[in-house]
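Peer 1: Pasting in a structure now, in structure tokens, and then I'll have a few things to ask.
The values are calculated or read from the model by the stated rules, or taken from the named source; none is laboratory data. All figures in this text were calculated on a predicted structure; none of them were measured in a lab. Virtual Cβ from ideal backbone geometry, glycine too; neighbours counted across all protein chains shown.
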Amino acid sequence: MQTHKTIAETRAACRAARQSGKRLALVPTMGALHEGHLSLVRAARTSCDVVAVSIFVNPAQFGPNEDLAKYPRNFERDQLLLEKENVDLLFAPSLEEMYPQGSVTWVTVEGLSHKLDGRSRPGHFRGVTTVVSKLFHIIAPDVAFFGQKDAAQVAVIRRMVRDLNFPVEIVACPIVREPDGLAMSSRNVFLDARQRSQALVLHRSLMQVKNAWEAGETDAAKLAAAGRDEMKKQNSVRLDYFEVVDPDSLDSVTNVANGALVAVAAFVGSTRLIDNILLPRRG
Ligand code: PAF
């Protein structure tokens, strides 16, 4: 695996791959890799000739009171994991390399960026779309892989790619869960044993919705109420949002017969966790 810290070296390596007719995948990450990330790498490996992974903890997507300083970082371990997955290229730039002094240009997807996590985390998606568009310019992948756990991020990036004509296919891969249902997240390391068990309420609340849907309920307000009621049972967990929305526009829906995204975000202690399920179109 080649590891590059500069944009110039990364561009040259990616250009060489493309010029030899190879299909190039990008898996953008902030490191602290877990099975969820590795599932993206494996999906990339099966459909592309060259797999590039980026590791960059992007300050632009963290709010002033968020966990940038304590965000987990373990570069050597990440490097070993990626080597084992036969990743071809790791791009791991410094802060100065990605945001040279005086950087003032942002990429913003209006509207969508202020829904779900964007509403709770002002400026978050502007930071995501800015860094992802920089990565797309540097690596110029044919395909980029993202986790469905960040469902709102997927919707925002898909819209950016469409609106700005990025020649890249976006693939969203299924959420990877622990055996007891907890969605894998780099932030799970912040949970102590008690919080780890309290955190299971997110998945339970989504399962309540799924059960009600399977029993024939299609009214979005009733489904959301079933999920919120389950969340209330774990009163040490502070609900941020529990919503039933259209997966592309992230707008609330009244009925889920045409399919819907059911998304939850909550604080377990000071750790903010998210999870979701997709309800398919009925029939
Ligand atoms: O999903 C993430 O880890 C980040 O938001 C991303 C896409 C790597 C951009 O920093």
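Peer 1: What is the number of the single condition among (1) outside any helix (DSSP H, G or I); (2) touching a helix residue (DSSP H, G or I) at 6+ places or on another chain (Cβ under 7 Å); (3) touching a residue at least 40 places away in the same chain (Cβ under 8 Å) that Arg11 does not meet?
Peer 2: Just one mismatch for Arg11, condition (1).
Peer 1: I've got another one for you. Looking at region 263-283, which of its residues are farther than 13 Å from Asp117 by Cα and of a type outside the set (D, E, K, R)?
Peer 2: Selection gives Val268, Gly269, Ser270, Thr271, Ile277, Leu278, Leu279, Pro280, Gly283.
Peer 1: For region 37-62, give me each residue that is small (Gly, Ala, Ser), more than 10 Å from the ligand (Cβ to nearest atom) and either part of a helix (DSSP H, G or I) or at pLDDT below 95 (or both).
Peer 2: Ser39, Ala43, Ala44, Ser47
Peer 1: Output the residue which, of all residues in region 142-154 that are out of contact with any Phe, Trp or Tyr (no Cβ under 9 Å at 6 or more places or on another chain) and within 13 Å of the ligand (Cβ to nearest atom), is farthest from Glu66 (Cα to Cα).
Peer 2: Step by step, filter region 142-154, then rank; the result is Phe145.
Peer 1: Taking the condition charged (D, E, K, R), out of contact with any Ser or Thr (no Cβ under 9 Å at 6 or more places or on another chain) and surrounded by fewer than 20 Cβ atoms within 10 Å (Cβ to Cβ), does Arg23 pass?
Peer 2: In short, no.
Peer 1: Scan the helices (runs of 4 or more DSSP H) fully inside region 65-183 and keep the ones with 2 or more residues being over 19 Å from the mean Cα position of the chain (by Cα).
Peer 2: Result: 75-84, 95-98, 124-139.
Peer 1: In region 78-97, which residue that is within 18 Å of Val176 (Cβ to Cβ) and away from the ligand (no atom under 16 Å from the Cβ) is surrounded by the most Cβ atoms within 10 Å (Cβ to Cβ)?
Peer 2: Looking at the filtered set, the residue picked out is Glu85.
Peer 1: With basic (Lys, Arg), surrounded by 17 or more Cβ atoms within 10 Å (Cβ to Cβ) and assigned to a strand (DSSP E or B) as the only criterion, which of Arg238, Arg272 stands out?
Peer 2: Arg272
Peer 1: Also: Those residues that are surrounded by fewer than 18 Cβ atoms within 10 Å (Cβ to Cβ) and without any contact (Cβ under 8 Å) to a residue 60 or more places away in the chain, I need them from region 241-269; list them, please.
Peer 2: Hits for region 241-269 are Asp246, Ser252, Thr254, Asn255, Ala257, Asn258, Gly259, Phe267.
Peer 1: Also, I was wondering about something else. Give the residues of region 12-36 that are over 17 Å from the mean Cα position of the chain (by Cα) and either within 14 Å of the ligand (Cβ to nearest atom) or of a type in the set (A, V, I, L, M) (or both), sorted by residue number.
Peer 2: Ala12, Ala13, Ala16, Ala17, Leu24
Peer 1: Ok, one more. Have a look at Glu214, Glu230 and point out the one that is acidic (Asp, Glu) and touching a helix residue (DSSP H, G or I) at 6+ places or on another chain (Cβ under 6 Å).
Peer 2: Testing whether each residue is acidic (Asp, Glu) and touching a helix residue (DSSP H, G or I) at 6+ places or on another chain (Cβ under 6 Å) leaves just Glu230.
Peer 1: Since Val109 meets every condition but one in (1) in contact (Cβ under 8 Å) with a residue 60 or more places away in the chain; (2) surrounded by 21 or more Cβ atoms within 10 Å (Cβ to Cβ); (3) more than 12 Å from the ligand (Cβ to nearest atom); (4) not hydroxyl-bearing (Ser, Thr, Tyr), which condition does it not meet?
Peer 2: Failing condition for Val109: (1).
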